[in-house]
1. Looking at the range 63-86 only, could you name the residues that are among the acidic types (D, E) and either without any contact (Cβ under 8 Å) to a residue 12 or more places away in the chain or in contact with a helix residue (DSSP H, G or I) (Cβ under 6 Å, 6 or more places away or on another chain) (or both)?
2. Do we have any residue at all in the range 92-102 that's surrounded by 11 or more Cβ atoms within 10 Å (Cβ to Cβ) and of a type in the set (S, T, N, Q)?
3. Can you pull out the residues in the range 96-144 that are over 23 Å from K67 (Cβ atoms), at pLDDT 80 or above and among the hydrophobic types (A, V, I, L, M, F, W, C)?
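The values are calculated or read from the model by the stated rules, or taken from the named source; none is laboratory data. Quick caveat, the model's predicted, so the values are computed rather than measured. Positions of Cβ are generated from backbone atoms using ideal geometry, with glycine treated the same way; all protein chains shown enter the neighbour counts.
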Amino acid sequence: MSLIRWIPRRNGLQSVALDTDLDRLFEGFFNPALLRSDMGALTPAVDVEETADAYLFRADLPGVSAKDVKVTVHNDTLTLRGERKREEKSSDGSRHRVERAYGAFERSFTLALPVRADQVKASYKDGVLEVHVPKADEARPRDIEVQIN
């Protein structure tokens, strides 16, 4: 199932496409990330999956070295921190466009159930950080046998 942003029609005469285009224009114009001096914030995309036993986080971090990534769990909050360092200018030419974001980033996720912070495992391969956060035993679902008398 995918979530689709609901855009109400303002009146019967305007087209939904025009409303959507205008909304996108103003969202981009008033986006606080565009006001930063480096013209964009580095915010990695993260997929979150929950199973009966654990949470699984996958974050896209292309161009970020594994040594520049830190994962912490404190008070049932997972925090991903890191930094993509700016590449030095090439000495053999001039750049015409720089669009990739660089700098420090931080994403935090509050976990709904207690977890086992001492058993968290993180791996990094091909620009994808994968964090496995096992749930605490008391948070795992369990079957209770009903006895009939």
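1. E83
2. To start, the set of residues in the range 92-102 that are surrounded by 11 or more Cβ atoms within 10 Å (Cβ to Cβ) comprises 98, 100-102.
With the extra rule that they be of a type in the set (S, T, N, Q), the set shrinks to none.
For the range 92-102, residues surrounded by 11 or more Cβ atoms within 10 Å (Cβ to Cβ) and of a type in the set (S, T, N, Q): absent.
3. L111, A112, L113, V115, A136
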